[in-house]
Amino acid sequence: MPSENKNCQNCKKDFVIEEDDFSFYEKIKVPPPTFCPECRLVRRMAWRGERFLYKRKCSLTGKSVITSFSEESGVSIVDRDYWWSDKFDSLSYGKDYDFSKPFFQQWKELLNTVPSIPLFNAKSFNSPYTNYAGELKNVFMSFGMWGCDDVMYCSKVVNSKDSLDLYWSIKCDFCYDLVNCQSCYGSKYLVDSVNITTSYFLFDCRGCTDCFMSSNLRNKQYVFRNIQLSKPEYDKKIKELNLGSYNSIVELKEEFDELCINAVHKYSHQTNAVNSTGDYFTNTKNCKKSFDLDNAEDCSYCVSGAAGLKDTHDVYGAGATAEQMYEVIDSGDNGSKLLFSLSCWGGYNVSYSLFCHNSENLFGCIGVHKKQYCIFNKQYTKDDYFEIVEKIKKHMDDMPYVDRRGAKYGFGEFFPGELSPFPYNKTIAQEYFPVLSEEETHKKGFLWGNAQETNNKSTMSLENIPDDIKEVSEDILKEAFDCLDSTEFYSTKVFNITPGEFNFYKRMNVPIPRKSPNARHYERLQKRTPLKLWHRQCMCGKENHPNHQGQCNVEFETSYAPDRPEIVYCEKCYQQEVY
């Protein structure tokens, strides 16, 4: 089927459904989307409440649990160990499908009936304040994590140890304040860097040791502010700095921001990407308008996919070796034909389901494990299952759910945003597509959540914190502080310093922060490019590049917006500059 222009029923902007998109929809037997790719992504993200945690009681055992579902969500919670045990029977909550009511209305009722797992945290030890995570040990207030030990306040980090304030980083040990880094050790304040040791304030560097405030370095040592020094010269320069001083770090961060802007930027962060558009790629082939993929093939409109993702459209958070998924979030891991679902792992032919694992042929189920042929948590025979599912799909189109803005949701649409148990400003959607007011959120069809009310009060002014970490005593553990950044949706106005955090700052010579962990997280978000693409031309006009004369005329899709100040080069011009 040829490409076709459509008008998004959500944002009312035109978008294109391309020929290969139609082929994919026909293959998995779903209708074409009525929302544009960005609105589809935002809608999915609004169903992942990640960072905001609450203390509640297990509805079955009375045990106190930590959960991402607030009391206001209407979702009941069951203790994690109980939920995974044979004692929990999700099919006991099964119900018949009611053809007199819209599907999504009934599914929401089921969501508020079946007790949910409080957090997604698998095979972890002493890490109760983590979510969408696994195989952790002694990890605190960290999210989207895997295989980490002794880390705090991190997000999207894998196989790292003894670190704090990392974002999108892999195999980084004894590090602080890193964004998009890999295989780093004993380093602080790095962005887009790989294989770095005992270095500070580096942007886009590879294979460097003992370097400071530099950019676009390759396999260097003793480089200070992009100038090559001898070891004695470098050591002397470093000793003249006080990296444990808060005021010094504030000035150095301002210098680093300018350094990053003035450095050469490759149009896309990608390695071995063939016929692919997007950003943050490694070993991809035929991937379109996607981000953060590793070893993926034939994927479109996907964000954050583990190795081995194939033949998939419109996912956020895909597990390894999954294929033929569409409109899902946090699902996969050897799964196939997962459609319109959330946190479903190792399944086959699962649609409109939540927290279902190692199951086949489910439709509209919640919390079902190792089952097949279930609808709304009710068991059916194989023949009855397929017959009823076809009737439900038709009913979804004949009696669509209509949200309060008039948008219609039939078969082929993901769950409506207004039915999410999470307020928009407390989901990952807010991190990438921020909405700054309750009124604007409601206009977009989502919920808004006010800041968590606490009894915490500031006991010490930020001005009274000693400037140098060497002068800070353990007495600071008794104090509470107002966050320097009072932005409402950070929802952490007062913060404390924990013992583990204090010991880390002392050991790593890091000054006490003046902003809450959430505010620092949002600062790091700004150091990555957005989940959007713009068509641009290479900015290189250098005469010594053999690949062009005068202005380079190579065009590309990039996540650097045209109004941004960075210098953006094509692949060849970038290589000429940094190698």
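What follows draws every value from the coordinates through simple rules; no lab data is involved. Worth saying up front: this structure is predicted, and the values here are computed from it rather than measured. Counting neighbours? That spans all protein chains shown, and the Cβs are built from the backbone with ideal geometry, glycine included.
Here are some notes:
- Charging the Cβ of each Asp and Glu at -1 and of each Lys and Arg at +1, and nothing else, the dipole of the chain about its Cα centre rounds to 540 debye.
- Relative to the current alpha-carbon distance between Glu557 and Asp98, full extension at 0.36 nm per residue lengthens the span by 160.5 nm.
- Here the gap between Lys29 and Lys55, fully extended at 0.36 nm per residue and compared with their Cα-Cα distance, gives a gain of 5.2 nm.
- In the frame of its principal axes, the range 331-432 has Cα extents of 40, 33, 19 Å, reported largest first.
- By the count of other C-beta atoms within 10 Å, a proxy for reagent exposure, Met325, Met460 are ordered fewest to most as Met460, Met325.
- Cα-based Kirkwood hydrodynamic radius, the range 409-526, one decimal, Å: 16.6 Å
- Per the Debye formula on identical point scatterers at the alpha carbon atoms of the range 501-579, with no solvent, log10 I(q)/I(0) at q = 0.11, 0.19 Å⁻¹ is -0.51, -0.84.
- Each peptide in 106-119, 339-352 receives the mean, over its residues, of other Cβ atoms within 10 Å, and ordering these scores from highest gives 339-352, 106-119.
- In loop segments of the range 187-220 as defined by DSSP, there are no trypsin sites (Lys or Arg not before Pro) with at most 15 further C-beta atoms inside 10 Å of their C-beta.
- Straight-distance candidates among the aspartates and glutamates for linking to Lys95, with alpha-carbon spacing under 19 Å and chain neighbours fewer than 8 residues away dropped: Glu109, Glu360, Asp383, Asp384, Glu387, Glu390.
- Label-point separation, Ser437 to Gln379 (7 Å along Cα→Cβ), nm: 5.4 nm
- Cross-link pairs beyond the 18 Å C-alpha cut-off, checked among Lys289/Lys310; Lys101/Lys408; Lys253/Lys478; Lys171/Lys239; Lys57/Lys378; Lys443/Lys532: Lys253/Lys478; Lys171/Lys239; Lys57/Lys378; Lys443/Lys532
- Out of every Cα-Cα pair that the range 1-131 contains, those further apart than 23 angstrom amount to 54 percent.
- Cross-link partners of Lys457 among aspartates and glutamates (Cα-Cα below 18 Å; sequence separation of 8 or more within a chain): Asp475, Glu479, Asp482, Asp485, Glu488
- Förster-model FRET efficiency, 56 Å R0, Glu523 and Asp89, C-beta, rounded to 0.05: 0.80
- Helix 499-508 and the long axis of the chain differ in direction by around 40°, with both axes built from C-alpha atoms.
- Entry for Rg and Dmax of the Cα atoms in Å (calculated from the structure that is shown) out of (1) 34.3, 109; (2) 26.3, 85; (3) 24.9, 80: (3)
- Value in Å of the Kirkwood radius, where the range 244-372 supplies the Cα pairs that are averaged: 15.9 Å
- Applying 1/(1 + (r/R0)^6) with R0 = 41 Å to the Cβ-Cβ distance of Arg225 and Asn358 gives a FRET efficiency near 0.15.
- Stokes-Einstein diffusion coefficient of the range 418-475, Kirkwood radius over Cα pairs, 20 °C, 1.002 mPa s, in µm²/s: 146 µm²/s
- Maximal additional length on extending the Gln105-Lys542 stretch stands at 151.3 nm, based on 0.36 nm per residue less the C-alpha distance.
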